[in-house]
Structures are given as structure tokens and as C-alpha cells.
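Since the structure comes first, as C-alpha cells, the remarks are kept for the end.
The values are calculated or read from the model by the stated rules, or taken from the named source; none is laboratory data. Note that the coordinates shown come from a computational prediction; the quantities given were computed from them, not determined experimentally. Don't worry about glycine lacking a Cβ; one is built from the backbone with ideal geometry, like all the others, and counts go over all protein chains shown. In case anyone asks, the SASA skips ligands and DNA or RNA and just uses the protein heavy atoms, side chains included. Shrake-Rupley method; radii C 1.70, N 1.55, O 1.52, S 1.80 Å.
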Amino acid sequence: MNGPAEGVYYIDTGDCELIADQDNSTGWLLKINGVMSSHVDLADPLFLDFEYMRWMAALIESRWPPSDVSSAKLRGLHLGGGACSLARYFSAAYPDARQVVVELDGKLAEYVRGWFDLPKAPLLRIRVGEARAVTETLTEHTRDFIIRDVFAGAFTPRPLTTAEFNQHAKRVLAPGGLYVANSGDAPDLKNAREDAATIAAAFKHTVIIADPAMLKGRRYGNMVMAGSDVPFGDDPQLRRRLLGGAVPAHLWDDAQVRAFAAGAPVRHDPPAP
């Protein structure tokens, strides 16, 4: 495959559409089954067009500064592939990182590898499979960060949002690791509160990153939620970076997250038949 070309492509789970970015001559947008999924800049892997991805990158770089030699061989797991935008970013920011992207759709993974010139294994591997099933097979303490960015329509499939799944993610993380989730919701924030309650039940320390309108329940959108076994600390540079984007974001600390989630149920797997 000789790079990207505009058009609709059939994939294992339906279809995807590749669209040239009219504002960026080297940018491409990917829609999956009619829903905007990803943006890639072929000339600059460090450019992230989606705000929530910039927030995730900022949070991870706050814990592991790319300039720190101890961060060089960061180990990442991406649940949900799309165009592998964040995996490309981290490969550029941490050239010796080892990353695995779990993508349900094998045909989509094949297209993305051909379109976007991704780093080869072992630096970046794409594993075709269902995100929870793959996570359950992984060895404990083998990932520094896990990013959950899986959607079926507007929401993350429930098996990836339960207390039991969060325990699997926690098991796979190394000490000091980060679990980072993209939580989409409507203005009532019911889904976000339950997501926050479930993550807070699994991890001792949590944060939420979102723009003020989303935090106040004024629109549909995304919140970035994260959990860890060690404190996030107060990084003024992170807060400035979040406020400096095109959509300024606020960071809620653990106490604010738990207040936001108060009264919301912790999700669980359905009982075995």
C-alpha cells in the first residue's frame, strides 16, 4: 500500500473513511463507521489534533519527562487503535519506547500500517484482538501506562469499564504506572460519574482532565480520567500546558474526583450464569 488515499474502505467491523485535512496538507482524518476516530499528521507525529489526546500526552509526560534518560524505554499499552495517533506520538517522544496497540479490527490495522508508516516491531506492535481479552492475558507489572480509548458509538463497551477490568489493568501496570481512560459522556455526566467511581475504587490516586464546559455538564464530550498507585503530585508545568491549548482544560485532583463520583455506583461484571 503506497500511503493514504481518500476514500471509503471496507473493514472487518463495517467501513472506514479516509479524509484529507483541508487545513493541513500532510494531515489525514479517519472516520470509522461514520464516527470521527483519529487524526494523523504524516510530517509531524508530535502534532495531535484532538484535544483529549494532547491532555493524555501531557499527563504521561508529566510523570515521565522525555528528557529524562530513565524514561527512554517506556512501555505502553493502547487499548483501541484507530490511526495509532498516540502511539506514533510516543514513538517520536520516546524513541526507545516499546508499545503494543490492541485493535479489534484486523483489516483496519492492516490499512493503518500501510497508510501511516508506523514504527515496526518491537518498537510498535499492533495486536489484533478484543481489548479486555488481551489485557487479561498479559503478565503483571509489564506496562508503565495503559490507555483505554475504545468506543462502540458514543460510549466505551461496558466490559472495559468495570471494577473487574480495572483490576486486570492494575495488575498489568508496573509500580508507579498510569491507567488513562477516555470517558465520553452526555451533559448529564451519568456515565462519567460511574467511570470515575469505578476507577477511584481500583486506584488509590486519581485525576480528571477536561474543559470547564464538560465538567459543568454543558455539552457532549470527553473527559480524561487516570488512576495510579502513587500520587500525581502538583505539577505547575502540567497545569499551564493544559490551560495553554486551543481548548483550555482544568485538572481535578483526587479529592475533586471522589467528590464528583460520590453516590455513583461502581460498575461490575454481570454475575456468571
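Here are some notes:
- Residue by residue, the range 118-134 carries 3J(HN,Hα) couplings of 6, x, 8, 5, x, 5, 9, 10, 9, 10, 7, x, 7, 4, 5, 4, 5 Hz when phi is fed to the Karplus relation 6.51 cos²θ - 1.76 cosθ + 1.60 (θ = phi - 60°); x denotes Gly or Pro.
- Top of Ile11, Ile146, Ile208 by mean-square fluctuation, Gaussian network on the chain, Cα under 10 Å: Ile11
- Values of log10 I(q)/I(0), in the order q = 0.10, 0.11, 0.12, 0.19 Å⁻¹, for the range 1-160 under a Debye, Cα-only, solvent-free model: -0.34, -0.42, -0.50, -1.31
- Spatially close lysines, pair count over the chain: Cα under 16 Å, gap of eight or more or interchain: 4
- Short-range pairs are left out: with C-alpha atoms under 8 Å and at least six residues apart, the relative contact order of the chain is 15 percent.
- If both residues of a DSSP beta bridge must be in the chain, then about 65% of such bridges are antiparallel.
- Carbon and sulfur %, accessible surface of the chain computed with the full protein complex present, 1.4 Å: 55
- Its alpha carbons give the chain an Rg and a Dmax of 17.7, 54 Å.
- Label-point separation, His268 to Asp44 (7 Å along Cα→Cβ), nm: 4.9
- Probing with 1.4 Å while keeping every protein chain in the model, the per residue accessible area of the range 77-203 equals 34 Å².
- Computed on the range 26-150, with alpha-carbon pairs under 8 angstrom and 6+ residues apart, the relative contact order is 25 percent.
- Highest mean packing first, where packing is the average number of other Cβ atoms within 10 Å per residue, the peptides 185-197, 150-162, 258-270 line up as 185-197, 150-162, 258-270.
- Semi-axes of the equivalent ellipsoid for the range 83-227, computed as √(5λ) from the eigenvalues of its C-alpha gyration tensor and ordered from largest down, come to 26, 18, 15 Å.
- Additional length obtainable on full extension of the chain from Ala259 to Ala5, 0.36 nm per residue less Cα span: 86.7 nm
- Debye intensity ratio in log₁₀ form over the Cα atoms of the range 211-251, taken at each q of 0.22, 0.35 Å⁻¹: -0.84, -1.17
- Annotation: average projected area of the range 182-273 is 6.7 square nanometres, based on the convex hull of Cα atoms across all directions.
- Per residue, the accessible area of the range 205-273 comes to 55 Å² when a 1.4 Å probe rolls over the protein heavy atoms.
- Rounded to whole numbers, the Karplus 3J(HN,Hα) couplings from phi for the range 62-73 are 5, 7, 10, x, x, 6, 7, 4, 5, 8, 4, 9 Hz, using 6.51 cos²θ - 1.76 cosθ + 1.60 with θ = phi - 60°, and x at Gly and Pro.
- By the helix-only formula, in which each DSSP H run with n ≥ 4 contributes -39500 (n - 2.57) and the sum is divided by residues, the chain has a 222 nm mean residue ellipticity of -8500 deg cm²/dmol.
- Spin-label zone in the range 164-184 - amide nitrogen under 13 Å from a point set 7 Å from the Cα of Arg127 along the C-beta vector: 169, 172-173
- Compared with the alpha-carbon gap, the fully stretched path from Lys31 to Asp12 is longer by 5.4 nm at 0.36 nm per residue.
- Gyration tensor (alpha-carbon) shape descriptor, the range 100-169, a/c threshold 1.5: oblate
- Centroid-to-centroid separation of the range 182-233 and the range 5-27 [C-alpha atoms, Å]: 30
- Annotation for the range 83-150: GluC sites (Glu not before Pro) lying in DSSP loop with at most 16 further Cβ atoms inside 10 Å of their Cβ are Glu130, Glu140.
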